[in-house]
Every structure is written in C-alpha cells, then in structure tokens.
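Please treat every number below as a calculation from the coordinates, not as lab data. All values reported here derive from a predicted model rather than from experimental measurement. Don't worry about glycine lacking a Cβ; one is built from the backbone with ideal geometry, like all the others, and counts go over all protein chains shown.
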Amino acid sequence: LATFVLAIVQITRDILWFLIILFAAVVSFAQMFYTLLLPSYCAEDGEDKNNPECDPAEYYLKVYSILLGDFGTFDREDFFTVFSVVLFVLFSFMVVIVLLNVLIAIVSDSYEKCLLRSQLLFGRARVSFQNLL
C-alpha cells in the first residue's frame, strides 16, 4: 500500500509541468478556433449575443472535448478555410497523440522510480528490523 501512495505522490509531482503545457495548448487552440471559426452574424451589431456559437467558452469546451476524443463537436462546414483544417489536424496530432503519449511516458517513468525507491526502503526496513533482533 505504501508503494502505491508513494507512486501517487510522485506521479502528481512529476505531472505538474505536463498539465501546465496541456492547459496552455488547450487555451491557445481554443482561442485560435474562436478567432477563425466565429460565425459572421456574431460580429454584427444588434444580433442576439446569447447564441452559444458566439460564446468563447463554447470553443474552450469544444477543444477540451476533442482532447477527450469526441471529434464530432465541430461540423465539417465549420472549416471553410484551409488554415482552419490544418489547425484542426495540428491540434489533433500534437495534443491528442503526442502529448498523451508523453503523459503515458511520464506516469510509467514515475511509477518505475517509485518501485525502485520502495525496494530501497524495504531493504532499509529489513536491515533495521534485523538489528533489533
């Protein structure tokens, strides 16, 4: 049990910078999608601003759902420029594939460090126990 608690603490400590980079990537791509894919009727004066397509928070949610694997949040008709399609492919490759593989590597490496450390602690405890006897 102590090994797993140690692993959780070590993984949480090691994953901090990854989460900061992931957050920055999601915010950046959401802003880019909002700028590129904002419908023209949202920019007009006098239009109803309560439309969810005009809200920047909606784009943050869409990008986050793409990160989780839901690629159906954007319609194909939304991507009317080549740059928006390239941006979508870049996000899906960079964040979904590369960064999540980095996450797996970080967790595996941290867990391996914890196993080595727990064996060292177990050996010390065993020697200490033998000295008491």
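Over the Cα atoms of the stretch 1-122, each weighted equally, I'd like the Debye log10 I(q)/I(0) at q = 0.10, 0.12, 0.13 Å⁻¹, rounded to two decimals. Log10 of I(q)/I(0), two decimals: -0.45, -0.58, -0.64. May I ask for log10 I(q)/I(0) of the stretch 71-133 at q = 0.17, 0.18, 0.22 Å⁻¹, from a Debye sum over the Cα atoms as equal point scatterers with solvent left out? The Cα Debye sum returns log10 ratios of -0.74, -0.77, -0.90.
For the stretch 54-104, the fraction of C-alpha pairs more than 16 angstrom apart is 44%.
Toward the positive end of the charge dipole of the chain, about the Cα centre and with charges on Cβ (Lys, Arg +1; Asp, Glu -1), which of Pro52, Gly123, Leu103 goes farthest? Most positive-ward Cα: Gly123.
Projected label points at Phe129 and Ala57, each 7 Å from Cα along the beta carbon direction, are separated by 5.5 nanometres. As an exercise, use a Förster radius of 25 Å and the Cβ-Cβ distance of Leu16 and Asp70 to find the FRET efficiency, rounded to the nearest 0.05. With R0 = 25 Å, the Cβ-Cβ based efficiency is 0.45.
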